[in-house]
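The values are calculated or read from the model by the stated rules, or taken from the named source; none is laboratory data. Everything numeric here is computed off the predicted structure, so don't read it as measured data. Here Cβ is always computed from backbone atoms with ideal geometry, including for glycine, and neighbour counts include all displayed protein chains. Note: areas computed on protein heavy atoms with side chains; ligands, DNA, RNA excluded. Shrake-Rupley method; radii C 1.70, N 1.55, O 1.52, S 1.80 Å.
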Amino acid sequence: MTTAHSAKGLEWEHVYLYRTVDGTWGNNQVKNLLTLPKGVLKNVKLSDKEKNEDERRLFYVAMTRAKSGLTLCYAASYSSYGSSRLSVPSMFLSEMGDSNLTRIDVQQIEDEAHAHIETLLTTGKPLSPSKSEAAFLQDLVDKFSLSVTALNTYLECAYKFKLDKLLKVPHAKKPHLAFGTAIHAGLELFYTELKESGKKPTKKFLLDTFHTTLLKEVITKEDLSIRLTQGDKILSTYFDLHQDDFKESLFLEKFSRVQLDDITLTGKIDRIEWSDQSDRTVRVIDYKTGKGKTVGQIEGTTQDSQGDLKRQLVFYKLLIDLDKRLQNITFGEATLDFVEVPKQLSFKITAAEVDELKKIINSAMKEIRALHFPRTTNLKACEKCVFADHCYPQGIPTT
Ligand code: SF4
């Protein structure tokens, strides 16, 4: 997969161009003006004409990447934010003339695709991998770097890890995750502005950045409206509560890629700030949306918790300890910032906890490298799992 711009200078045997419709290829509408139906616009204004000339050249570049075959596709209609709009083929297709195009009836292909997808999604029993699948998985595992989310997923269900973290089976992002992404982005941009300008940004800045990010997420109109109201309320309260103690960060969204023997670990820390600059000790902050957790739930000492949150904090200490670029700072403590409640809980991490985590990582990676991906027997975990319909097409067993 590539964009037309990135494809310049490259060639493939067969090229597929998707969404070759008006508005995407040619006749781009200008926002905030009176909207005309797509396909009505013609090259009448010089500026539009020039714009279409640029797109026409790019379309030509995209088409000529094909050595032997080119397929131009478009759907009869496209949906966005819950509403559907009939599409009009790109003006460039009509300019090519019917004699240069062979039209394909895709009904049969669509029927076959539906049947194929249905088979894939209703495979009830886990199958042992064929030789070629094992080779494919082995290649993925060889290149794999372990994040704490992937580790926690493996510990919850090895099969889910295989689907989600190795094969990266696509699935819709749930509204609460889109919401969490937007809250994180709002806070990240707020602290970036504070760090760069040296001045505390306004509450409006925080809310605006949250809005901008949430609007980019794929979410229904109804969910969007609910989540915008919810986010405004949460971030307003958060801003009022912390307005006297916002301080400049040392690092924001700090990414680390480190080696633990022959295992590559990766992670991104939301925020790192000085805990005590005189002895170069830092505090690591991780934002959490959703309900707050008790210390027991974080530590994994309650029945409903496997200690994922505490493992995440210990993992962050391990990343900082191993990251050669961060040798001039010392991990002091980690804070879970429950933005929605709001409350913050801080934890010191002991050397014994780090050693224990290293053992867990080594043992999990040994299993992953052996391509051992059994399904969990804890069916409670399946109730919230996005792959539940795939694993249990007849419904999750109750016993
Ligand atoms: S539905 Fe259950 S068994 Fe299947 S991937 Fe999810 S957690 Fe694992």
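Per the listing Phe315, Phe373, the residue uniquely of a type in the set (Phe, Trp, Tyr), within 26 Å of the chain's Cα centre (by Cα) and within 16 Å of the ligand (Cβ to nearest atom) is Phe373. Comparison of Phe331, Phe315 shows that the only residue that is in a strand (DSSP E or B) and either touching a helix residue (DSSP H, G or I) at 6+ places or on another chain (Cβ under 8 Å) or not β-branched (Val, Ile, Thr) (or both) is Phe331. Just checking, does region 292-301 include any residue being surrounded by 17 or more Cβ atoms within 10 Å (Cβ to Cβ) and assigned to a helix (DSSP H, G or I)? Yes, region 292-301 contains at least one residue that is surrounded by 17 or more Cβ atoms within 10 Å (Cβ to Cβ) and assigned to a helix (DSSP H, G or I).
Going by the conditions given, is Ile234 among the β-branched types (Val, Ile, Thr), modelled with pLDDT of 95 or more and either in the same structural domain as Ser83 (by TED's automatic domain parsing) or within 16 Å of Val339 (Cα to Cα) (or both)? Taking the combined requirement at face value, the residue satisfies it.
Within region 226-244, is there a residue that is crowded, with 17+ Cβ neighbours inside 10 Å and either part of a loop (DSSP other than H, G, I, E, B) or under 15 Å from the mean Cα position of the chain (by Cα) (or both)? No, the conditions are met nowhere in region 226-244. Tell me which residues, restricted to region 327-348, are open to solvent by 60 Å² or more (accessible area, probe 1.4 Å) and β-branched (Val, Ile, Thr). Matches in region 327-348: Thr330, Val341. Among the helices (runs of 4 or more DSSP H) confined to region 89-203, the ones with at least 2 residues that are away from the ligand (no atom under 16 Å from the Cβ) and not β-branched (Val, Ile, Thr) are located at 91-96, 107-121, 131-142, 175-197. With respect to Pro201, determine if the residue is at negative phi and modelled with pLDDT of 95 or more. When the stated conditions are applied, Pro201 passes them. Residues that are among the aliphatic types (A, V, I, L, M) and not in a loop (DSSP other than H, G, I, E, B) were ranked within region 376-392; the one that is farthest from the ligand (Cβ to nearest atom) is Leu379.
Taking the criterion of being in contact (Cβ under 8 Å) with a residue 40 or more places away in the chain and touching a helix residue (DSSP H, G or I) at 6+ places or on another chain (Cβ under 9 Å), the residues of region 342-352 that qualify are Pro342, Leu345, Phe347. Only one entry of Ala364, Ala351, Ala388 meets the criterion of being over 30 Å from Leu187 (Cα atoms), hydrophobic (A, V, I, L, M, F, W, C) and open to solvent by 70 Å² or more (accessible area, probe 1.4 Å), and that entry is Ala351.
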